[in-house]
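The values are calculated or read from the model by the stated rules, or taken from the named source; none is laboratory data. Since the model is a prediction, treat every value here as computed from it, not as a measurement. Neighbour counts are summed over all protein chains in view; Cβ atoms, including those assigned to glycine, are modelled from backbone coordinates with ideal geometry.
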Amino acid sequence: MSTPVTQCTVGVVVRGGDPVSEAGVASQLRYHHDLEVLPSDAATAPDVVVLIADLVDEDTARSIRTISREGSRVVLVAALVDGGAVLVAVEAGVAAIVRRSEATPDRLVTAIRAASTGDGHLPPDLLGRLLQQVGGTQTRPPAPQGLRFGGLTQRELTVLRLIAEGYSTREIARRLSYSERTIKNSIHDLVSRFQLRNRAHAVAFAVRQGLI
């Protein structure tokens, strides 16, 4: 008799915006048994922080960087998001973005679950804007210290291209005939080796370097 798979609980904190917005988002998340909504002053860093913002300005980017340094992944719920804002958020370390006008419980939970596993989540049109924005900034000085994409393996390049096309880890594994664990390890090694923040950040700099 097989042993049932235990689903891990994701600790979530909701921050930013007004108290009514925070309470509203938190109440929606409590209906999902695999999510544990924690108080904003929780003693330990949660797995995911849902950050509510009107727009992606320097204050928002600073908040994303601070939360990321504390060890949590950030799901940004923003009212206004254009191509430049996506790039700022990604380079600050955001794992997922959801427009406030599209932040239904299902979409928000999907983004939180993706962020918690390191998959990340961007709406397809925002991913397209990110790639356009990066393509238009290739003359900017790149990159974090030690970034040299010449050291990428063919598999890493292929994985990055598929991420840029919007495929999930599971879909990439299926297309390349690898296990999900192998793909996740490949992404983790890439992000760690080049001192990047997450998958979206890796894609942004790969585009900027002209590799995808």
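Kindly provide the set of residues from the range 153-191 that are among the small types (G, A, S) and over 15 Å from A95 (Cα atoms), ordered by number.
Within the range 153-191, A173, S177, S179, S186 qualify.
For residues that are of a type in the set (D, E) and within 15 Å of E156 (Cβ to Cβ), tally how many sit in the range 177-204.
1
May I ask you to verify whether V86 is buried (at least 18 other Cβ atoms within 10 Å of the Cβ) and either of a type in the set (G, A, S) or modelled with pLDDT under 85 (or both)?
yes
Can you run down the residue pairs with Cβ atoms below 7 Å, 6 or more apart or on separate chains, where the first is in the range 95-118 and without any contact (Cβ under 8 Å) to a residue 12 or more places away in the chain and the partner is of a type outside the set (D, E)?
R107/V98; T110/H121
Can you tell me which residue within the range 108-155, out of those that are modelled with pLDDT of 80 or more and either of a type in the set (D, E, K, R) or within 12 Å of the chain's Cα centre (by Cα) (or both), is nearest to A79 (Cα to Cα)?
A111
This table checks each residue for (1) crowded, with 18+ Cβ neighbours inside 10 Å; (2) out of contact with any helix residue (DSSP H, G or I) (no Cβ under 9 Å at 6 or more places or on another chain); (3) at pLDDT below 90.
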position: T9; (1), (2), (3): no, yes, yes
position: R30; (1), (2), (3): no, yes, yes
position: S40; (1), (2), (3): no, no, yes
position: T44; (1), (2), (3): no, yes, yes
position: D47; (1), (2), (3): yes, no, no
position: V50; (1), (2), (3): yes, no, no
position: E58; (1), (2), (3): no, no, yes
position: A61; (1), (2), (3): yes, no, yes
position: R65; (1), (2), (3): no, no, yes
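Within the range 49-70, can you find the residues that are outside any helix (DSSP H, G or I) and closer than 21 Å to V203 by Cα?
The one that is outside any helix (DSSP H, G or I) and closer than 21 Å to V203 by Cα: V56.
R175 is checked against (1) among the charged types (D, E, K, R); (2) modelled with pLDDT of 80 or more; (3) within 15 Å of I97 (Cα to Cα) and fails just one. What number does that condition carry?
That leaves (3) as the condition not met.
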